[in-house]
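One structure is given below, encoded as structure tokens.
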Number of protein chains: 2
Amino acid sequence: MNIAIIGCGTVGAETAFLLTKEKKISLKRTNAEINLKYIVDIDFTHAHKIGLDKALFCDNYEKVIEDKSINIVVELIGGLKTAKKVIEKALSAKKHVVTANKALLAHSGKELMELARKNNVTICFEASCGGGIPVIRAITDGLIGNDISALFGILNGTCNFILSSMTKESLDYSFSLKQAQKLGLAESDPYLDVSGTDTAHKLAILASLAFGNEIDFDSIPVEGIDTLELQDVAYGQELGYIVKLLAIAKKQENGLSLCVRPAFISKEHPLSWVSGSFNAVSVYGHATGHTMHYGKGAGGKPTASAVLADIHSIAIGNSKNSFDSVLWPDNAEKSVQLSPDEIISRFYIRINVEDKPGVLAKISACLGEKNISISSVLQKEPISGSSEGVPVVITTHNAKEGNLKKALADINKMSVVKAKSICIQIADEYRNNQPPSF
Amino acid sequence: MNIAIIGCGTVGAETAFLLTKEKKISLKRTNAEINLKYIVDIDFTHAHKIGLDKALFCDNYEKVIEDKSINIVVELIGGLKTAKKVIEKALSAKKHVVTANKALLAHSGKELMELARKNNVTICFEASCGGGIPVIRAITDGLIGNDISALFGILNGTCNFILSSMTKESLDYSFSLKQAQKLGLAESDPYLDVSGTDTAHKLAILASLAFGNEIDFDSIPVEGIDTLELQDVAYGQELGYIVKLLAIAKKQENGLSLCVRPAFISKEHPLSWVSGSFNAVSVYGHATGHTMHYGKGAGGKPTASAVLADIHSIAIGNSKNSFDSVLWPDNAEKSVQLSPDEIISRFYIRINVEDKPGVLAKISACLGEKNISISSVLQKEPISGSSEGVPVVITTHNAKEGNLKKALADINKMSVVKAKSICIQIADEYRNNQPPSF
């Protein structure tokens, strides 16, 4: 099998390194014949730095795709436009494709899979979700006999690092972000990470595989971590919850509810323990119950490990077998994606009110009218001199998000309410490995 | 593909249930054609209970193996003798085999693989380690590009449940065991679990795959949890450690060190959070760094999920590809297994001494003579009236276990030492995902 890597950034260079300099180490456990023939880019700074063989360098990807001896094209350019063109050309030339491009797959996965199928080749993307964690394989192979009812993921190391700092060190968002930037764990423009967009890309991919459905990326409601306040992180901890930027996919009665948002998860749930830049995905299968897949979600070497696993699977014929047998999004039905209003969950709400008698009664009446039942209340002593009023923190039993939003709109209009109320989903642990009963 | 399940206990019956009653649920994500033709046993109590189709029942496994239409034989009898005969006959009849039989694989894995290879079929055993966790696939497929330096596993749910009770509820060993038995989490004869033997079987299998070596099961040093004292669990917690029955495999300079024993693991390490009857395996790859694979380690349905994954992989051709390409123990070199004396690690020791001046100096001198350097000391106020003396708890820096044992033998001979000293390995977190430097 002859390989061409297109895009020689960190992941591309590290993949090339594994396939050449470390070939004896990284592939000593298999007799598959894998031979790196080209690395294509116009800038080889990183490649030079780690001492890759210059004979592999090439600046023309079209030439590489025309080379009939190339069996596998590894797209590691990133972004939507050029990457898509490269993959389309490679598939059309009947070459297998390996990619780490979550944005492209979230937007055009189905289309690219159809093209691969038409050309009797395969497209693999273990590296697109959770870096070095072999979670796509777990879903499409190891857990194949399971009807999956829910999937929760911590899929962005930058956000998880920032939230861990906020939780453990009580540092506020902007300080935690700066710290992450200093450590090279956040980009100078952190938008794609902190907005939740990157996590949503990964959720679209994982959910399409777990539920055997085509997912409409644009309908996934996405909230980032940039507006999260330190006081809510702290109140949550007091109540036994840790905040995480969660990708949530679960089957409800009438369809699939998907979202990306900062959410509270019980301190007893293994996902709450995932700290720093690590990622993890919890999958609930009807037979296995809860499984969790944990590891480094980004970085050159972990991601290269996933790319290598895909190259190897293609080389020995397994990827093609799976692509032909398992239900991939391109041959699945379109999923029924519920609107955010239909999400059923428990919620945390914080309402800042004037310290007057009868306020809590008014708020609970307003929640009751919308069928929202209160699970716990935490009211703190007023901070003297604060113009923001007294925070009343309420956790609810399961409720429809739409109803809660209506109740909060009414509550926000009350004269005793001093600021816009805060609402954070509580992603309850699935007790006994069963989805919560609604 | 026609399947025969031999052995209709919990796992056999649940596998049959997934393949018949729940076929539409469990295999809706694949177009692989899998048809259960027989379930063989002499006792169908469990099968009747869950409503399996009687037309599948058969009491003669030889007849089933003679049936030319059967492609896959699933051995779920357990034990060594009959199970081995069944597997040998099935492989010789050129049928693929799926088994959950860790004891048999630990003892005769290599031999059975050779027989499978000779007959151009494959033997799959995802269900043998970690129940529903797809960890064998993770090692042989998802992490194939990694040179694995270490593997730590919590592989026995019974032991983990008992240790969790000891840690969280401060219940002693025999009370915790009784509780586990009451809940059906421990057998009435718990020997195979609490002695560490079951964990050692699984370690032998996982290590042979992770390190690409044949493992000699009988050379693995195994200690159980039945002599663990509550006070050591408590002192460990005070020092920041949680006790787990750990399967440990790591590469040292001169070979592979393997052992099963109650060991301390840092509260910061994700394995320390695995509680109750859950299992988890931490794998350290040179590219991925730390990955952890978590889920239910036993039980009918989770184990059946793993059996189903193997059946599916065989049906679509992937198991055979992997068996032919990846380094399995039968075509690997024999590993250099270090003697327990060669294990390099940190250790916790507790020495009960008379409350006299100069005792600590004597002990540290004795440790120093054997090149063991002290990391921390915890000495409690004496309990008045206790004849056991004062416990002195010491943690060491990295030391050779053989040297520590010699030092402890000398210490135990001292007249001021009131009881045999206790020694527990500290399985340090691999910082920065690198093995500790020795």
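Pull out a ≥ b ≥ c, the square roots of the eigenvalues of the alpha-carbon gyration tensor of segment A:179-239, then state rounded if a/c is under 1.5, prolate if not and a/b is larger than b/c, and oblate in the remaining case. Oblate, because a/c is 1.5 or more while a/b does not exceed b/c. Of the residues A:Leu104, A:Gly132, A:Ser149, the one whose Cα sits farthest towards the positive end of the charge dipole of segment A:102-152 is A:Leu104 (charges of +1 on Lys and Arg Cβ, -1 on Asp and Glu Cβ, taken about the Cα centre). A:Tyr191 sits with roughly 140 Å² accessible to a 1.4 Å probe, with DNA, RNA and ligands left out of the calculation. The charge dipole of segment A:231-363, taken about its Cα centre with unit charges on the Cβ of Lys, Arg, Asp and Glu (plus for the first two, minus for the last two), comes to roughly 260 debye. Obtain the radius of gyration and the Kirkwood radius of segment B:261-322 from its C-alpha atoms and give Rg over Rh. In segment B:261-322, Rg relative to Rh is 1.09. Using a simple spin-label model with pseudo-atoms 7 Å out from Cα toward Cβ, B:Ser387 and B:Glu62 lie 6.3 nm apart. Partners of A:Lys178 within straight-line reach, counting lysines whose Cα lies under 19 Å from its Cα and excluding those fewer than 8 residues away in the same chain: A:Lys168, A:Lys244. The alpha carbons of segment B:21-149 give a radius of gyration and a Dmax of 16.0, 50 Å, in that order.
In this simple spin-label approximation, B:Lys334 and B:Ile42 carry label points 7 Å from Cα along the Cα→Cβ vector, and these lie 3.9 nm apart. Answer rounded, prolate or oblate for segment A:216-307, using the Cα gyration tensor with square roots of eigenvalues a ≥ b ≥ c: rounded when a/c is under 1.5, else prolate when a/b is larger than b/c, else oblate. Rounded, because the longest to shortest axis ratio a/c is under 1.5. Rounded to the nearest 0.05, the FRET efficiency derived from the C-beta distance between A:Leu80 and B:Ser373 at R0 = 41 Å is 0.15. Over all projection directions, the Cα-based convex hull of segment B:100-191 averages an area of 8.4 nm². The residue among B:Val377, B:Ser325, B:Ala399 whose Cα reaches farthest toward the positive pole of the charge dipole of segment B:324-407, with charges on the beta-carbon of Lys, Arg, Asp and Glu, is B:Val377.
Sorted shortest first, the separations between the A:His397 label point and its copies elsewhere in the assembly read 6.0 nm; each point sits 7 Å from Cα along the Cα-to-Cβ line. Placing one equal scatterer on every Cα of the protein assembly as shown and applying the Debye formula, the log10 ratio I(q)/I(0) at q = 0.11 Å⁻¹ is -1.36. The tail of the calculated P(r) for segment B:311-357 beyond 15 Å holds 72 percent of all Cα-Cα pairs. Is segment B:1-95 rounded, prolate or oblate when judged by the Cα gyration tensor, a ≥ b ≥ c being the square roots of its eigenvalues, rounded requiring a/c under 1.5 and prolate requiring a/b larger than b/c? Oblate shape, in that a/c is at least 1.5 and b/c is the bigger or equal ratio. Using a 1.4 angstrom probe on protein heavy atoms only, which residues from segment B:22-57 are buried by at least 10 Å² of accessible area when all chains are present rather than their own chain alone? Buried by 10 Å² or more upon assembly, which counts only protein chains, are B:Glu22, B:Ile25, B:Ser26, B:Lys28, B:Arg29, B:Thr30, B:Asn31.
Between segment B:285-323 and segment A:294-338, the C-alpha centres lie 15 angstrom from each other. Of the residues A:Phe323, B:Phe175, the one with the largest accessible area comes first in the ranking B:Phe175, A:Phe323, computed with a 1.4 Å probe on protein heavy atoms. Summary for B:Gln237: label point 7 Å along Cα→Cβ; distances to the equivalent points in the other copies, ascending, 2.1 nm.
Computed from label points 7 Å out along Cα-Cβ, the spacing between A:Lys182 and A:Arg346 is 3.7 nm. Ellipsoid fit via the Cα gyration tensor, chain B: semi-axes of 44, 23, 17 Å, each the root of five times an eigenvalue, largest first. Counting 0.36 nm for each residue step from B:Tyr191 to B:Glu88 and taking away their Cα separation leaves a gain of 34.3 nm.
Chains A and B together bury roughly 4800 Å² of accessible surface, counting both sides and using a 1.4 Å probe on protein heavy atoms. For segment A:164-223 versus segment B:83-127, the spacing of their alpha-carbon centroids is 45 Å.
Accessible surface ranking for B:Leu192, A:Leu367, 1.4 angstrom probe, highest first: B:Leu192, A:Leu367. Placing +1 on the Cβ of every Lys and Arg and -1 on the Cβ of every Asp and Glu, with nothing else charged, gives segment B:1-156 a dipole about its Cα centre of roughly 220 debye.
What residues in segment B:141-161 lose 20 Å² or more of accessible surface when the other protein chains are added to their chain alone (1.4 Å probe)? Hits at the 20 Å² cut-off: B:Asp141, B:Gly142, B:Ile144, B:Gly145, B:Asn146, B:Asp147. How many percent of the accessible area of chain A is carbon or sulfur, using a 1.4 Å probe? Solvent-exposed carbon and sulfur of chain A make up 49 percent of the total. Per residue, the solvent-accessible area of the protein assembly as shown (1.4 Å probe, heavy atoms of protein chains only, all protein chains present) comes to 38 Å².
The values are calculated or read from the model by the stated rules, or taken from the named source; none is laboratory data. It should be emphasised that the depicted structure is a prediction, and the values quoted were computed from it without experimental measurement. Every residue, glycine among them, receives a Cβ derived from its backbone with ideal geometry; neighbour counts consider all protein chains shown. Accessible surface areas use protein heavy atoms only, side chains included; no ligands, DNA or RNA. Shrake-Rupley method; radii C 1.70, N 1.55, O 1.52, S 1.80 Å.
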